Amino acid sequence: MRRTLIIISLLLLTPAAQGQWLERIIYLPDSFPGVEEATVVLHNPVTNRMYLSGEDARGLHVLDAATRQKYAWYGAMEADEIIHCPDLHRLYAYSPGWESFMSFDDRADTLLFSRPAEEPLDLLYNPSLGKLYLLHEPGRLEVLDAGPDTVLTTIELPSTAFKLAWDSVHNRIYSMNRRHTSAELVIDIIDCSSDSVVGWLPGPELWAQDIVCYPELSQLFCAGSDSLYRSQLWVYDTDSLVAHHIIPMPVDYASGWPVRLFLNPLSGYLYAGVSGGSDGHDTLTVIDCRTLTVARQIELPEFAAPNKYALNRIDNKVYLIVRGHDVAVFGVPDSITGWLGEESRVYGIGWNGTDNELYLTCREDTVSVYDAEADTLVDEMSFSPIDAERISWNSGGNLYAFEDRGVAKVSPEGRVVSWVPRRMDFVTRPQYSAELNRFYVCGEHDDLLVYDCNADAFIDSTPLPVRQCNAGLLVPELHRVLVSSLRDTTVAYDIYADTVAAWTCGIGNRYAYNRGNRLAYGRYQASASGHEVVVFDPVTFERIHELSWLQVTDLQVVARHNTVWLVDRDSSVYVLDGNSHEVVDTLRLGCRLHGLSVVEELDRVYVHGEGEEGVFDAETRQLLRIVPTNVSSYQSLYNPRNRKFYLSGRAVGSIRDTMVVVDCRRGSVVAGFAVRQFSDMAWDPVRNRVYGCQSNRLYVFRDELTGTSAERSPIAHQPLGATLVRGNLLLTAREAAELLDITGRRAQTLKPGSNDLRGLAPGVYFLRPADSGERPAVSKVVVQK
């Protein structure tokens, strides 16, 4: 019942807390969704931007080709086709899967309209008339005025119409049908001036496959099959509208897949790819359009027929995605001059005519950029969705967000000022050296990466003699970073020499350092069921003492009292003497424990448990209070300015993630947020803000007391006192509270005025005020007889 009431109270707190506490959400750079297996790549020469979409691109992505940075993203659709109308500054896109048709302004990168489309099959733009032709299934050709985006008319075509070709010389559109009720009627001829069907052309007897128009030579090519399933290429004269030539393909359609046609109007060659021939190999036929003869037949491996192409109009090259997912480069006259993107599984291809670069969309959310003149790789961009894992502040007042693919720098005003890409396989908490203004974080291939905040760049990484390393602890006075591995190997890295000073095995994978006796404490996995804690010299790695524990989750040093506190998942808290290294106290909280935090200015140790916080006096080691939070906190952060704890985790007994704010002076929860768990949290000492990172977002929280006397109050040791009660407890007329026993259960509800406590057993109780005012609350009550 108590837990249910706490959940309800947090839900009631959430709307007010969002308005008073959540200041903004910052979206990190490079944070758009991935473009895995994007098949559509288009260059806009007016704005020099690249557009990526299709397949699993999860929307339409816009890249600035000059900087190769992601510029914008539209998540409404995955376009199967994009065309650019430079005279109208428009982009048009359609997607059969989404059954939608969209228009974008290429200057403002804004969505102009989106409307349903009945299984759109093809899209064509007629720049001479400013008309747009959208082919729907079944057989509806919609004609639009591309300026105001209004429908002019609809042309009814056979239900098997699926592909369009535009004849710019005769201002015609040819509509190809897969099959018609009349076997001879294959291609419809549409006059663009009147937008009406004015004739038809006979063609292959079975299953037309592709159509391409070559207006400069008055040629129309149509790929299909005859009655014996032999693949053929029909050639039409667009002046006389007659079929005057048939070119046989090297494989029959019965044993292969349809023919795809690609035209290079610069050299006058047509490329016809057929997959799955009778011998198991695919074939690429190169046809000289001037003589209508086969210039070359190239045998390709199995399942390697071309399906996408790009034309380099500067160097007169054709790029075809063949051989599975690799790119063949065809130079003049007709031979393969090279291969690109081998073993990268290329899905989409596009040529940037402004910079003469070739863009390949590859597997694993990567985009490769090639110098199209030299056919050499010049850049490789990752489009994996960002997942910020760790955040930390440097002495310059900037926040750095670390994730697997790079580092984002955020100014104190909340503006993202830089993004430095770098592959980091296993990001743990970066260790920051204020003296050198550098971060130390593990990286690719078990290296220790050093990020220089002065240059905002990574310096050379250092290979470490460990596997699956993670930066553990920076010891400034020793000028070393203790780096651990999941195999319990410890490395001492000298931050001045940028070299490995020493390393040893079996020391730990979580550390604490005692400045008093200059000894370190390392926790490591001793067995499948437990851990051991080793006390060692961090310079010589000499083992001083060893202790065996069960499931130690965290360990912290209280320097003022020369003690080491450890928490165990079995609900125990152990306190070690810093000199003898022996257990001097064992404390229990009564719930599963996740970690602990030492607050030196309050001389308190806060133990983070399953649904509650235990507050201990660091000197006497007495339990002062239990604060019910109903949160299993996996991330905790203390704000020393306002003396509040921010706890991020999951509500106990629920699948709902939440964050709560605990006022350390009142000993109560003062705010709650329905927000997903943060992977890390950080406090901004410049503007007194708390940041939480979640995927590609930074949540910025402000205390409702920021800027008031609470911000200006000095930070000093203020021990929490106790109120002794014999009989009655008097509360002022404005007070209302609950009295909790030592386990956190409600013992009695208190009202303003006199409250009779004679029915309670003698002992320690905790007062939780109902109000959220600024007046300090009586936190500890001792009931005596």
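The values are calculated or read from the model by the stated rules, or taken from the named source; none is laboratory data. A quick note: this is a predicted structure, and the numbers were derived from the prediction, not measured. Positions of Cβ are generated from backbone atoms using ideal geometry, with glycine treated the same way; all protein chains shown enter the neighbour counts. We work out accessible area using only protein heavy atoms, side chains counted, and drop any ligands, DNA or RNA first. Shrake-Rupley method; radii C 1.70, N 1.55, O 1.52, S 1.80 Å.
Of everything in the stretch 314-356 that is farther than 15 Å from L270 by Cα and charged (D, E, K, R), the residue that is farthest from the chain's Cα centre (by Cα) is D315. For the stretch 17-47, the set of residues classified as within 30 Å of E413 (Cβ to Cβ) and either modelled with pLDDT of 75 or more or assigned to a strand (DSSP E or B) (or both) consists of W21, L22, E23, R24, I25, I26, Y27, L28, T47, listed by residue number. Just one of the listed residues (S548, S580) is without any contact (Cβ under 8 Å) to a residue 12 or more places away in the chain and either in a loop (DSSP other than H, G, I, E, B) or open to solvent by 40 Å² or more (accessible area, probe 1.4 Å) (or both), namely S580. Of all the numbered requirements in (1) out of contact with any helix residue (DSSP H, G or I) (no Cβ under 8 Å at 6 or more places or on another chain); (2) open to solvent by 50 Å² or more (accessible area, probe 1.4 Å); (3) at pLDDT below 90, S278 misses one, and that requirement is (1). The set of residues in the stretch 558-569 that are at pLDDT 85 or above and open to solvent by 20 Å² or more (accessible area, probe 1.4 Å) comprises A559, R560, H561, N562.
Just wondering, is there one or more residues in the stretch 591-598 that are touching a strand residue (DSSP E or B) at 6+ places or on another chain (Cβ under 9 Å) and farther than 25 Å from I507 by Cα? Checked the stretch 591-598: at least one residue is touching a strand residue (DSSP E or B) at 6+ places or on another chain (Cβ under 9 Å) and farther than 25 Å from I507 by Cα.
Starting from residues that are farther than 16 Å from F330 by Cα, open to solvent by 50 Å² or more (accessible area, probe 1.4 Å) and among the charged types (D, E, K, R), keep the ones in the stretch 362-378 and report whichever is modelled with the highest pLDDT. That would be R363. When restricted to residues that are closer than 15 Å to I83 by Cβ and open to solvent by 60 Å² or more (accessible area, probe 1.4 Å), the stretch 107-126 contains 1.
From the list N509, N517, exactly one residue is more than 14 Å from L473 (Cα to Cα) and open to solvent by less than 50 Å² (accessible area, probe 1.4 Å). Which is it?
From the options N509, N517, the qualifying one is N517.
Looking only at residues of the stretch 147-169 that are touching a Pro at 6+ places or on another chain (Cβ under 9 Å) and among the polar types (S, T, N, Q), we find that the one that is farthest from L261 (Cα to Cα) is S159. The residues of the stretch 659-680 that are touching a residue at least 60 places away in the same chain (Cβ under 8 Å) and either among the basic types (K, R) or touching a Gly at 6+ places or on another chain (Cβ under 6 Å) (or both), listed by number, are V660, R665, R666. Counting only residues that are surrounded by fewer than 22 Cβ atoms within 10 Å (Cβ to Cβ) and modelled with pLDDT of 85 or more, the stretch 327-336 holds 1 of them.
Here is a yes/no grid of residues against (1) open to solvent by 10 Å² or more (accessible area, probe 1.4 Å); (2) out of contact with any Cys (no Cβ under 7 Å at 6 or more places or on another chain); (3) at pLDDT below 90; (4) of a type in the set (F, W, Y):
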{"residue": "V274", "(1), (2), (3), (4)": "no, yes, yes, no"}
{"residue": "D282", "(1), (2), (3), (4)": "no, yes, yes, no"}
{"residue": "A295", "(1), (2), (3), (4)": "yes, yes, yes, no"}
{"residue": "A305", "(1), (2), (3), (4)": "yes, yes, yes, no"}
{"residue": "R323", "(1), (2), (3), (4)": "yes, yes, yes, no"}
{"residue": "E343", "(1), (2), (3), (4)": "yes, yes, yes, no"}
{"residue": "N352", "(1), (2), (3), (4)": "no, yes, no, no"}
{"residue": "L360", "(1), (2), (3), (4)": "no, yes, no, no"}
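Only residues that are out of contact with any Lys or Arg (no Cβ under 6 Å at 6 or more places or on another chain) and modelled with pLDDT of 55 or more were counted in the stretch 682-723, giving 19.
Among the residues examined, T749 qualifies as open to solvent by 40 Å² or more (accessible area, probe 1.4 Å), of a type in the set (S, T, Y), over 29 Å from P640 (Cβ atoms) and modelled with pLDDT of 65 or more.
Within the stretch 357-402, restricting attention to residues that are of a type in the set (S, T, Y) and within 22 Å of G54 (Cα to Cα), the residue that is farthest from the chain's Cα centre (by Cα) is Y370. Just one of the listed residues (A501, A497) is assigned to a strand (DSSP E or B) and either modelled with pLDDT under 90 or closer than 15 Å to D404 by Cα (or both), namely A501. Somewhere in the stretch 612-632, is a residue under 19 Å from L589 (Cβ atoms), in a loop (DSSP other than H, G, I, E, B), in contact with a strand residue (DSSP E or B) (Cβ under 6 Å, 6 or more places away or on another chain) and open to solvent by 10 Å² or more (accessible area, probe 1.4 Å)? Scanning the stretch 612-632 turns up at least one residue that is under 19 Å from L589 (Cβ atoms), in a loop (DSSP other than H, G, I, E, B), in contact with a strand residue (DSSP E or B) (Cβ under 6 Å, 6 or more places away or on another chain) and open to solvent by 10 Å² or more (accessible area, probe 1.4 Å). Close Cβ contacts (under 6 Å, 6 or more residues apart or on different chains) running from residues in the stretch 217-233 that are under 13 Å from R260 (Cβ atoms) to residues that are open to solvent by less than 10 Å² (accessible area, probe 1.4 Å) and among the hydroxyl-bearing types (S, T, Y) comprise S231/S225. For T428, which of the numbered conditions (1) assigned to a loop (DSSP other than H, G, I, E, B); (2) under 20 Å from Y71 (Cβ atoms); (3) hydroxyl-bearing (S, T, Y) fails to hold? For T428, the exception is condition (2).
Considering (1) open to solvent by 10 Å² or more (accessible area, probe 1.4 Å); (2) part of a strand (DSSP E or B); (3) modelled with pLDDT of 85 or more, the lone condition that L730 does not fulfil carries the number (3).
When P204, P248, P265 are checked against the criterion of being in contact with a Gly (Cβ under 7 Å, 6 or more places away or on another chain) and either of a type outside the set (S, T, N, Q) or modelled with pLDDT under 90 (or both), a single residue qualifies: P204. Counted as qualifying within the stretch 127-221 are the strands (runs of 3 or more DSSP E) with 2 or more residues that are small (G, A, S) and either on the phi > 0 side of the Ramachandran plot or surrounded by fewer than 15 Cβ atoms within 10 Å (Cβ to Cβ) (or both), namely 196-201. Taken as a whole, the structure leaves L436 outside the set of residues that are at pLDDT 75 or above and buried (at least 21 other Cβ atoms within 10 Å of the Cβ).
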